[in-house]
1. Treating only the Cβ atoms of Lys and Arg (+1) and Asp and Glu (-1) as charged, compute the dipole magnitude of segment B:10-87 about its Cα centre; round to the nearest 20 debye.
2. Rounded to the nearest percent, how much of the accessible area of segment A:20-117 (1.4 Å probe, protein heavy atoms only) is carbon and sulfur?
3. Leaving out ligands and nucleic acids, and using a 1.4 Å probe, what accessible area per residue does chain B come to in Å²?
4. Output the peptides A:57-68, A:78-89, B:9-20, B:129-140 sorted from most to least packed, where packing is the average of other Cβ atoms within 10 Å over each peptide's residues.
5. Quote the total accessible area buried by chains B and A together, excluding ligands, DNA and RNA, probe 1.4 Å, nearest 100 Å².
6. Once amide H atoms are built 1.01 Å from N in the peptide plane, which residues 5 or more positions from A:Val137, or in another chain, come under 5 Å H to H?
7. Residues of segment B:7-44 losing 30 Å² or more of accessible surface, assembly versus chain alone, probe 1.4 Å, please list them.
8. Give me the distance between the Cα centres of segment B:117-132 and segment A:25-73, rounded to whole Å.
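The values are calculated or read from the model by the stated rules, or taken from the named source; none is laboratory data. What you are looking at is a predicted structure, and each value in this text was computed from that prediction instead of being measured. Here the Cβ positions follow ideal geometry from the backbone for every residue, glycine too, while neighbour counts run over all protein chains shown. To get the accessible areas, we keep the full protein, side chains included, count just its heavy atoms, and leave off ligands, DNA and RNA. Shrake-Rupley method; radii C 1.70, N 1.55, O 1.52, S 1.80 Å.
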Amino acid sequence: MIPAFADIEVGYELPAQDFPITRADLVRYCGASGDFNVIHWNERVATSVGLPNVIAHGMFTMAEAVRVVTDWLGDPGALLDYGCRFTRPVVVPDDDKGATVTVNAKVTEKRDDNTVLITISASCDDATVLGKAQAIVRLP
Amino acid sequence: MALNQEFVGRSFPPSPVYQVGREKIREFATAIGDSNPVFHDPAAAVALGYSDIIAPPTFAIIVSLKAVTGVAHDPELGLDYSRVVHGDQRFVYTRPICAGDELVVTATIESARTVAGNDMLSARADVATTAGEHVVTTYSTIVARAAEEAGA
């Protein structure tokens, strides 16, 4: 059931989630997305271009972050608009634990056309990794 | 290195048709760890009014980035693709991508600029069905980092 527009107020916080990201996840995402950029799986190349280590695809982090919204909606088709900047890379160490991205989201604006603006924050090791991450959803 | 300004405003011929497969959607949803039944189970998708399983919101990048990176690799543009990172991304949806869709992408270069030595290319990709129904528009900025600012 999609939450009802009338029941949601500005400041409403969607359930937060943690998303662990391991090297294995990045390899799987390379294959599924077709983005085989070497910096997402090869430490030698990543460090040679000045990165601290292998980094997650920005699109992988973006895909995880919006799950906080689509899990809440139930029907992902209620999502009308979703955007972000990639402000800081998510560095994924070569161990079984990997990195963890923590995603919070809250309603920051209610509009006349039954849509709400959701502002999303995503962080890894207490540093923000996405900038201006926002979604617009239509509620019944 | 300055980007070739002649590319700004240029639209490229529509891409070859991308046939959206049910298994490709499931593979992508699994790769991002998303078990929402509407991405996996046709019955769950039909219950929400869709004709088949739908794709997670960022699946559109598979369809659109192919068109954008094709442009970015054009040697006449002058972008050093070996230094490229993703700057920003936005999706504006008319409806979710659905298994069985036959999609065509039309890419347009919206801006090409250099900021603090970083070359930034912004492109729009309009994704529609072969019947002309708009599905999603994607807005992407890719950045070729200046060599001395590696690690930023």
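1. For segment B:10-87, the charge dipole is close to 60 debye.
2. Carbon-and-sulfur percentage of accessible area, whole number: 49.
3. 43
4. Sorting A:57-68, A:78-89, B:9-20, B:129-140 by mean packing, highest first, produces A:57-68, A:78-89, B:129-140, B:9-20.
5. Rounded to the nearest hundred, the buried surface is 2500 Å².
6. Long-range HN contacts for A:Val137: A:Leu80, A:Val116, A:Ile118.
7. Residues passing the criterion (a loss of at least 30 Å², heavy atoms only) are B:Phe28, B:Ala31, B:Ile32, B:Asp34, B:Asn36.
8. 21
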